[in-house]
1. Could you check how many residues of the stretch 67-93 are part of a helix (DSSP H, G or I), out of contact with any helix residue (DSSP H, G or I) (no Cβ under 6 Å at 6 or more places or on another chain) and more than 20 Å from residue 22 (Cα to Cα)?
2. What pairs come up if the first residue lies in the stretch 66-90 and is closer than 12 Å to residue 36 by Cα, the second is in a helix (DSSP H, G or I) and among the hydroxyl-bearing types (Ser, Thr, Tyr), and their beta carbons are under 6 Å apart, counting only those six or more places apart or on different chains?
3. Would you call residue 58 β-branched (Val, Ile, Thr), free of Cβ contacts under 8 Å to residues at least 40 places away in the same chain, assigned to a helix (DSSP H, G or I) and surrounded by 17 or more Cβ atoms within 10 Å (Cβ to Cβ)?
Amino acid sequence: MGIIQKVYSIIVYRKLNPKEGSYVNYLQQKGIDKICKKVGEEASEVIIAAKNNNRDEIIYETADLWFHTLVLLSESGVTPDDIYQELEKRFKQ
C-alpha cells in the first residue's frame, strides 16, 4: 500500500471511528465547505512557495494540499483509485 492510500485509509477510518482531538475528525465535522476552504488555502500556499522558488516549502505545502485533498475526496465519496483510473485514461499510450 502506497502512502496516498495509507493516508486515505486513515481518513476513512477516522470517520468511522472518531477520536477526540483528531484534526481529520474536526474537518469532517465542519463539513465540505470548511474542507474546500482548506484545499483552497493550501493551493494558494503551494503557489506562493513556487513563486518564492523555495523547494522545501513547495514540498511541505504540497503535502498539506494533498492531505486536504484526500479529506475532500473522502467526504465526496471519491477514492484515490478513482483518480488513478482517470489519470490512466488520460495518459494511455
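Every number here is computed from the coordinates shown, using simple stated rules; none is lab data. Keep in mind that what you see is a predicted model, and the values were worked out from it rather than measured. All Cβ positions, even for glycine, are placed from backbone atoms using ideal geometry, and neighbour counts span all protein chains on display.
1. 10
2. 70/8
3. Values: β-branched (Val, Ile, Thr): yes; free of Cβ contacts under 8 Å to residues at least 40 places away in the same chain: yes; assigned to a helix (DSSP H, G or I): yes; surrounded by 17 or more Cβ atoms within 10 Å (Cβ to Cβ): yes.
In short, yes.
Matching residues to (1) part of a helix (DSSP H, G or I); (2) surrounded by 16 or more Cβ atoms within 10 Å (Cβ to Cβ); (3) out of contact with any Asp or Glu (no Cβ under 6 Å at 6 or more places or on another chain):
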position: 14; (1), (2), (3): yes, yes, yes
position: 26; (1), (2), (3): yes, no, yes
position: 29; (1), (2), (3): yes, no, yes
position: 47; (1), (2), (3): yes, no, yes
position: 65; (1), (2), (3): yes, yes, no
